[in-house]
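The values are calculated or read from the model by the stated rules, or taken from the named source; none is laboratory data. Only a predicted model underlies this, so the values are computations on that prediction, with no experimental measurement involved. Backbone-built Cβ (ideal geometry, glycine too); neighbour counts: all protein chains shown.
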Amino acid sequence: MYPRYILPPLGYLRLAPSVFFGGHRSFRHDGQLCVERLMPPLHLIGKENIPEHGPCLITFNHYYRLGFNAWWMALALAASVPVDVHFTMTAELTWPGKWYAPLGQAGSRWLLKRFSRIYGFTSMPPMPPREKDVAARARSVRATLAYAREHPQAILSLAPEGGDQPGGVLNWPSPGAGRFVLLLAELGFPVLPVGVFEENGEFCLSFGSRYKLQMPGGLTPDEKDHEAAHSIMSAISPLLPVRLRGDFG
């Protein structure tokens, strides 16, 4: 049995003018409107760790099951934190192996680009990395780092895995994700892990404690990326049910 995810009846009507004509909206406010309709209510674990201010980088697992829509992860996080969160979001949905993938990809690029503008987020090419996205990914990384420098007290958030994982089980991020988080940590953003999952018919967010992500000296860039990714996912792992911890149990 799963929770009932119910969007506000007038939600699409409120959002449509911004999508087509531009304008800014508060993702936190929209998230609260959605989350307050969850049945049963959102279950928060580790409430004492919910950040009330930055600097902070929230890293969460990209939970997945058939029928679960990924936007609920971001909506729930935004609604639970008492200040606005700046998300790094995907720029495209890919639907690998589906006949409608080309049309869906084009449509999602159009829509997600507008969402990123409406909410002031940074968009990132989809995972796993594609050769054609190298330049765009580099621009997105630079844009996120620039935002972090310009807003040193911000709360940032991203899912290192960057996409749906089989069975919702915690998995290794794609190469470069660990190094990306490490660059943000080096700008003074402590990392706060969050576990996202469904259990006992409830949608759950489990907030861990902030930590400073640091790597020992003498590592090659690839080693630094790997070790950072391992540290990031290992911090998320204990916040999840054992069945979802994967190689990080």
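In the condition set (1) of a type in the set (D, E, K, R); (2) free of Cβ contacts under 8 Å to residues at least 40 places away in the same chain; (3) closer than 23 Å to Y64 by Cβ, D164 is compliant with all but (2). On inspection, P160 qualifies as in a loop (DSSP other than H, G, I, E, B), within 14 Å of the chain's Cα centre (by Cα) and closer than 23 Å to R28 by Cβ.
When the residues of the range 201-249 are filtered to those that are in a helix (DSSP H, G or I) and among the small types (G, A, S), the one that is modelled with the lowest pLDDT is G246. Looking across the range 100-133, the residues that are at pLDDT 85 or above and either charged (D, E, K, R) or in a helix (DSSP H, G or I) (or both) come down to R117, I118, Y119. For the range 118-148, filtered to residues that are in contact with a strand residue (DSSP E or B) (Cβ under 9 Å, 6 or more places away or on another chain) and under 20 Å from F20 (Cβ atoms), the residue that is surrounded by the fewest Cβ atoms within 10 Å (Cβ to Cβ) is G120.
Taking the criterion of being part of a helix (DSSP H, G or I) and surrounded by 19 or more Cβ atoms within 10 Å (Cβ to Cβ), the residues of the range 163-178 that qualify are G168, A177, G178.
Annotation: of all residues in the range 40-70 being among the aliphatic types (A, V, I, L, M) and at pLDDT 95 or above, the one that is farthest from L183 (Cα to Cα) is L42.
So for the range 213-229 (the condition being in contact (Cβ under 8 Å) with a residue 60 or more places away in the chain and either surrounded by fewer than 23 Cβ atoms within 10 Å (Cβ to Cβ) or more than 30 Å from E36 (Cβ to Cβ) (or both)), does at least one residue qualify? Looking for residues that are in contact (Cβ under 8 Å) with a residue 60 or more places away in the chain and either surrounded by fewer than 23 Cβ atoms within 10 Å (Cβ to Cβ) or more than 30 Å from E36 (Cβ to Cβ) (or both), one finds at least one in the range 213-229, hence yes. On the stretch given as the range 42-99, residues that are part of a loop (DSSP other than H, G, I, E, B), β-branched (V, I, T) and crowded, with 16+ Cβ neighbours inside 10 Å total 4.
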